[in-house]
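Beneath this line is the structure, given in structure tokens, with notes to follow.
The numbers here are math on the coordinates, done by the rules we state, and not lab data. The model shown is predicted, which means the values in this text are computed figures rather than measured ones. Cβ: placed from backbone, ideal geometry, glycine included. Neighbour counts: every protein chain shown.
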Amino acid sequence: MIQIDALPAFSDNYLWLLQDVTRRECAVVDPGDAAPVEQWLQAHPGWKLTDIIITHHHADHVGGVVRLKAETGARVLGPAGEKIPGRDVALEDGDRVEVLGLPFEVIHVPGHTLGHIAYFHSTDSHDDEEQPLLFCGDTLFAAGCGRLFEGTPAQMHASLSRLAALPEHTAVYCAHEYTLSNLRFACAVEPENPEVLARFEEVSRWREQGKISLPSSIALERATNPFLRVSETSVKKVADERSGQQIRTPEEVFATIRRWKDQF
């Protein structure tokens, strides 16, 4: 079994630390800051950082890579289409890579950045304790999605559609604690969606108690994330109202509500 913990960084980043307790080996996803990983390793003597997993090139995801690699000799995995410091393995869509004995499929998800990738671990096991894993950086957020810094709405819609098609029990590990603000927007988009309202209340309680809101699941995102629900009549209707015209395609609905979210 792999244990996964969140190492908080900056104001709202999470560095996901994967741990193989038997081997006493670990891997980290998107270490924008080396310090939280260094502190964890100091508190866990005898552990080795074997891999650094990168989704995209933004500084809050790669800032600690060079230092951690120098200190630990960890292998750096990252997207082939972006400049990643210290990268040892350049990954393209459809590539497969093994980390801590787990096979991951690489999924190219342009939108937030052009070369952004996600890492998906599937499982055929019927063991309830084992579930598919998705590390999706800043593409899919809990109840939201990343801003379009480099890609187009059509690209991001296609990327999110690929992730939404993953098994519904997939655990979704995104890189920021944006869930509550995303759910406020989701409530504005679908004020009569009971699952959105219930999730907003639940996450509000969690955050008041200092609990993190992640991981999510694909099923939960399909039910409550407006950016995965652009084909739903309720979302299309509000997008039509926002744009002042009848929108024809899910891509155009996505573009409309993404622009709205940018100003929300």
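Of the residues 12, 33, 60, which exhibits the maximal mean-square fluctuation in a Gaussian network model of the chain defined by a 10 Å Cα contact cut-off? Among 12, 33, 60, the largest mean-square fluctuation in the Gaussian network model of the chain belongs to 12. When +1 charges are put on Lys and Arg Cβ atoms and -1 charges on Asp and Glu Cβ atoms, the dipole computed for the chain relative to its Cα centre reaches about 620 debye. Taking 0.36 nm per residue of separation and subtracting the current Cα-Cα distance, fully stretching the chain between residue 248 and residue 165 would add 27.7 nm.
Summing charges over all other residues whose Cβ lies under 10 Å from the Cβ of residue 52, with Lys and Arg as +1 and Asp and Glu as -1, gives 0. With the simple model of a label 7 Å out from the Cα in the direction of the Cβ, residue 204 to residue 10 spans 2.8 nm. The residue among 155, 245, 217 whose Cα reaches farthest toward the positive pole of the charge dipole of the stretch 152-264, with charges on the beta-carbon of Lys, Arg, Asp and Glu, is 155.
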